[in-house]
Structures are given as structure tokens and as C-alpha cells.
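J.: One structure, pasted below without further comment.
The values are calculated or read from the model by the stated rules, or taken from the named source; none is laboratory data. Values in this document were obtained by computation on a predicted structure and should not be read as measured data. Every residue, glycine as well, gets a Cβ built from its backbone with ideal geometry; the counts of neighbours run over all protein chains shown. Accessible surface is based on the protein model in full, side chains and every heavy atom, while ligands, DNA and RNA are left aside. Shrake-Rupley method; radii C 1.70, N 1.55, O 1.52, S 1.80 Å.
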Amino acid sequence: MGFLVYFILLLALPLWAQFKLKRTYSKYSKVRSTSGHTGAQVARIILDQNGLHDVKVVESRGMLSDHYNPLTKIVALSSHNFHEASVAGTAVAAHEVGHAIQDAEAYSFLRLRHRLVPLVNLSSNASWIFIMIGLLSAWSGALLIGIVLLAAGVVFQIITLPVEFNASSRAMDQLLAHNIIRNEEERHAKKVLSAAAMTYVAATAVAVLELARLVLIYTGMNRS
């Protein structure tokens with residue numbers, strides 16, 4: 001019964017977070033911002049106000065494909081956010097610019113996360129190979145290697161949390177400082193950013209739970 005509850009929780013957490021994000025985004029992407037600025041314009045305004053004239057704002061394909069690339073210095077916004085003047089688009093654009101500001105200020109958690117990317121790309125691909133070998137053959141050594149590799153990915157996700165929350169905090173500060181949002185828009189923008197943040201929280205919680213489960217299995221192997 002305990003394993004059933006565990007796996008339901010493992011599936012339910014990310015699904016719930018994604019559902020909440022899509023529902024919140026869908027609602028506020030239909031609410032026009034009083035500033036009348038598109039997401040692209042909002043991003044450009046905040047970037048220029050912070051002296052980040054070298055950072056480009058481009059359109060990206062796919063829904064909610066918005067991101068900031070520290071290597072190319074590009075803020076990429078999904079088509080709706082790029083072209084439309086909505087509360088959701090305003091919040092998302094400001095959030096991605098928040099990452100650009102973090103980059104410009106050498107925000108420690110962002111720099112650490114960036115340095116971990118090569119390691120995590122390698123470990124995430126290899127971890128489950130060792131884990132499956134260890135589980136199928138009851139070879140605790142292989143399982144331990146898999147756990148260590150998986151732990152690197154979990155650390156990466158944990159570090160991502162302050163990066164995302166800080167970017168959202170910076171986004172709200174910038175939107176208010178430059179009078180881009182007004183009145184009820186502040187509350188609505190916070191809802192969009194909070195829903196997005198919950199997807200990272202859910203993913204991290206699932207990763208930590210799975211890592212803990214594997215550690216318990218490894219401990220049990222060595223007791224028998």
C-alpha cells in the first residue's frame with residue numbers, strides 16, 4: 001500500500017503543477033495589460049533600463065518555451081508572449097529578463113547551476129543505467145554509482161529553486177519600478193509566476209523522493 005501511495009504521489013505532483021501552470025497562464029494570457037506593451041517590449045524596456053543593451057529579445061517556437069540563454073545573451077519568448085500585450089506575457093517576459101540581470105550581476109546560484117550543466121548532462125544519462133543494473137542484479141556497487149550520479153541531478157534541481165524564485169522577485173521589482181503593471185495586475189502577475197515556480201518545486205520534490213527511495217533500497221541490500 002505504501003508503494004502505491006508513493007507512486008501516485010510521484011505522478012500526481014508534477015501533473016498537478018503542470019495543470020495549475022497551464023490553467024493560470026491560460027487565464028491571464030487573455031487579460032490585456034494596461035500598459036499595452038507586448039512581452040517583447042516589456043523585456044526590452046527592462047533590459048535597457050538595466051543597461052543590458054547587448055541582450056537580444058527573440059521569438060521562440062512552442063508554448064511556454066520562454067527562456068534566457070546566458071551563453072548567447074538572448075531572451076527567447078514564445079510567440080504569444082512575444083507579440084501579445086497580456087498580463088501573463090508581461091510576467092513571463094520580466095521573469096526571463098530577471099535571469100539576464102542575474103547573469104549580469106554574476107548571481108552565485110545561477111553561475112553554480114551553469115557550471116553544473118555539463119556534469120548533469122552526463123550523469124543524468126548514465127545514472128539509470130547503473131541503477132537498473134544494480135536493481136536487476138542486486139549488485140549494490142552499481143546501484144551506489146547510479147545513486148551518486150542521480151544525486152548530481154538532484155543537487156542541480158535544488159540549486160534551480162533559488163535561481164527561479166530570485167528571478168521572479170527581480171521581475172516583480174522591475175515591473176513595479178518602471179510602472180509596467182498597475183493595480184490588480186501585480187496580484188495577477190504574482191499568480192502566474194507562482195504557478196510557474198511550482199513546476200520546479202514539484203520536480204525537485206519528486207527527484208528527492210526517488211533518490212531517498214533508492215538510498216533505502218541500497219541500505220537494505222547491504223543489510224541482507
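J.: Considering only the range 27-46, state which residues are open to solvent by less than 60 Å² (accessible area, probe 1.4 Å) and free of Cβ contacts under 8 Å to residues at least 60 places away in the same chain.
T.: Matches in the range 27-46: 36, 38, 39, 40, 43.
J.: Quickly run through the range 125-151 and pick out the residues that are open to solvent by 20 Å² or more (accessible area, probe 1.4 Å), small (Gly, Ala, Ser) and in contact (Cβ under 8 Å) with a residue 12 or more places away in the chain.
T.: 126, 138, 140, 151
J.: Check whether at least one residue in the range 185-192 is among the aliphatic types (A, V, I, L, M) and at pLDDT below 95, and report yes or no. Steps first, please.
T.: Step one: of the range 185-192, the residues among the aliphatic types (A, V, I, L, M) are 189, 192.
Pick out the ones that are also at pLDDT below 95 and you get none.
Taking every residue of the range 185-192 in turn, none turns out to be among the aliphatic types (A, V, I, L, M) and at pLDDT below 95.
J.: Please find, among 114, 80, the residue that is within 28 Å of residue 35 (Cβ to Cβ) and open to solvent by 20 Å² or more (accessible area, probe 1.4 Å).
T.: It is 80.
J.: I'm told residue 213 meets every condition in (1) in contact with a Ser or Thr (Cβ under 8 Å, 6 or more places away or on another chain); (2) open to solvent by 30 Å² or more (accessible area, probe 1.4 Å); (3) in a helix (DSSP H, G or I); (4) touching a residue at least 60 places away in the same chain (Cβ under 8 Å) except one. Can you identify the failing condition by its number?
T.: It is condition (1) that residue 213 fails.
J.: What is the number of the single condition among (1) over 20 Å from residue 74 (Cβ atoms); (2) charged (D, E, K, R); (3) crowded, with 18+ Cβ neighbours inside 10 Å that residue 173 does not meet?
T.: Answer for residue 173: the failing condition is (3).
J.: Assess whether residue 97 counts as being in contact with an Asp or Glu (Cβ under 6 Å, 6 or more places away or on another chain) and open to solvent by less than 20 Å² (accessible area, probe 1.4 Å).
T.: no
J.: Another question, if that's okay. Go through (1) buried (at least 19 other Cβ atoms within 10 Å of the Cβ); (2) of a type outside the set (Ser, Thr, Tyr); (3) touching a residue at least 40 places away in the same chain (Cβ under 8 Å) one by one and return the number of the condition residue 109 breaks.
T.: Status for residue 109: all satisfied but (1).
Yes or no, residue by residue, for (1) on the phi > 0 side of the Ramachandran plot; (2) of a type in the set (Val, Ile, Thr); (3) modelled with pLDDT of 95 or more:
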{"residue": "103", "(1), (2), (3)": "no, no, yes"}
{"residue": "117", "(1), (2), (3)": "no, yes, no"}
{"residue": "126", "(1), (2), (3)": "no, no, no"}
{"residue": "139", "(1), (2), (3)": "no, no, no"}
{"residue": "166", "(1), (2), (3)": "no, no, yes"}
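J.: While we're looking at this one, here's another question. Among the residues that make up the range 188-203, is at least one of them more than 16 Å from the chain's Cα centre (by Cα) and in contact (Cβ under 8 Å) with a residue 24 or more places away in the chain?
T.: yes
J.: For the range 47-66, what are the residues that are part of a helix (DSSP H, G or I) and either within 25 Å of residue 199 (Cα to Cα) or open to solvent by 20 Å² or more (accessible area, probe 1.4 Å) (or both)?
T.: Selection gives 48, 49.
J.: Quick check: anything in the range 155-162 of a type in the set (S, T, N, Q) and more than 25 Å from residue 207 (Cβ to Cβ)?
T.: The answer is no, given that none of the residues of the range 155-162 is of a type in the set (S, T, N, Q) and more than 25 Å from residue 207 (Cβ to Cβ).
To keep it simple, each residue is scored yes or no on (1) over 17 Å from residue 193 (Cβ atoms); (2) assigned to a loop (DSSP other than H, G, I, E, B).
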{"site": "12", "(1), (2)": "yes, no"}
{"site": "26", "(1), (2)": "no, no"}
{"site": "45", "(1), (2)": "yes, no"}
{"site": "76", "(1), (2)": "yes, no"}
{"site": "94", "(1), (2)": "no, no"}
{"site": "106", "(1), (2)": "yes, yes"}
